[in-house]
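Chemist: The structure follows.
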Amino acid sequence: HVAMGLEKRDPQFKELLDDYRNGIYIFKLQQEEVWNKMKIDTSAVKKYFEENRDKYKYPDRVEFSEIFTKKDSLAQKYYEEIKNGADFEELAKKFTERVGYKKRAGHFDLTDVKANMMAHEAWKLKNPGDISKPFPVRGGYSIVKLIKKVPSRLKTYEEAKAEVMSDYQEKLSKDLENAYIESLKKRYKPKYYYDVLKEAFKNTKI
């Protein structure tokens, strides 16, 4: 009762309450006209995937190992040792300074070649086992060893399933929402006064 009385006395409170009510109405409409009508048909999802095949693909990826150090002189030292027969992974286990990578012998799983400088440089190497010269990276210097290149390819449906499902649900939601808006337009036949709207916002500062 106090709140209802305040609504009559305080215009700002009334406006806030109206916004709250409108928010609930919109939520209920979305629930009834969009979310409750969303039926995920597996065959429709697969059809959407086939119609958008080029959207779902892996980029060029590379698997490699790295020795990272903050000093150029150490990078040159490790590089010379590798050229003279030292084992790359053993050096990485002992000396790489990238946090969390000593126990992995500097190993990076398949990585998008555009993800970082190390992947980019590893991709430039020709054959598995090839080793780069030291090169500058953020915070220091790296030497990389190419393990495997995997060129870009389209994903299978199973590989892309989560992405496809998300995209399809978003599309279906928009389609249902647009269909509901169009049905309201046909029912109520709204008129648009763009010149009045333009005038109303002419002096508005954002």
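The values are calculated or read from the model by the stated rules, or taken from the named source; none is laboratory data. No experiment lies behind these values; they were computed from the predicted model shown. As a convention, Cβ positions derive from the backbone with ideal geometry for all residues, glycine included, and neighbour counts pool all protein chains shown. Just the protein is used for accessible areas: all its heavy atoms, side chains included, with ligands, DNA and RNA removed. Shrake-Rupley method; radii C 1.70, N 1.55, O 1.52, S 1.80 Å.
Chemist: Residue 93: which aspartates and glutamates have alpha carbons under 12 Å from its alpha carbon, excluding same-chain residues fewer than 8 sequence positions away?
Modeler: Hits, sequence-local ones excluded: 66.
Chemist: Collect residues whose amide H, placed 1.01 Å from N in the peptide plane, falls under 5 Å from the amide H of residue 137; neighbours closer than 5 in sequence don't count.
Modeler: Here 142 satisfy the definition.
Chemist: Pop out the ³J(HN,Hα) list for region 187-201 in order, Karplus 6.51 cos²θ - 1.76 cosθ + 1.60 with θ = phi - 60°, rounded to Hz; leave Gly and Pro as x.
Modeler: 6, 9, 6, x, 10, 10, 10, 5, 5, 5, 4, 4, 5, 5, 9
Chemist: If you roll a 1.4 Å probe over the heavy atoms of the protein chains, what accessible area per residue do you get for the chain, in Å²?
Modeler: Working: 15010 Å² over 206 residues.
Dividing the accessible area of the chain by its residue count gives 73 Å².
Chemist: Only one of the values (1) 58; (2) 31; (3) 61 was calculated from this structure for percent of Cα pairs over 28 Å apart; name its label.
Modeler: Structure-derived value, by its label: (3).
Chemist: Moving on to the next point. Quick one: Karplus J couplings for region 77-89, per residue in order, coefficients 6.51, -1.76, 1.60, θ = phi - 60°, nearest Hz, x for Gly and Pro?
Modeler: Once θ is set to phi - 60°, the couplings for region 77-89 become 4, 4, 5, 5, 4, 5, 4, 8, x, 5, 6, 4, 5 Hz.
Chemist: Through the Karplus equation 6.51 cos²θ - 1.76 cosθ + 1.60, θ set to phi - 60°, convert the phi angles of region 43-51 into ³J(HN,Hα) values in whole Hz; use x for Gly and Pro.
Modeler: Going residue by residue, I get 5, 5, 5, 5, 5, 4, 4, 5, 6 Hz, with x marking Gly and Pro.
Chemist: If you don't mind, another one. Take residue 12 and residue 26, extend 7 Å from each Cα along the Cα→Cβ direction, and tell me the distance between the two endpoints in nm.
Modeler: 2.2
Chemist: Oh, and also: Could you tell me what percent of the accessible area of the chain is made up of carbon and sulfur, with a 1.4 Å probe and every protein chain present?
Modeler: Details: 8160 of 15010 Å².
Whole-percent figure for carbon plus sulfur exposure: 54.
Chemist: To one decimal place, what orientation-averaged projected area in nm² is obtained for the convex hull of the Cα set of region 137-179?
Modeler: Details: hull surface 26.1 nm².
That works out to 6.5 nm².
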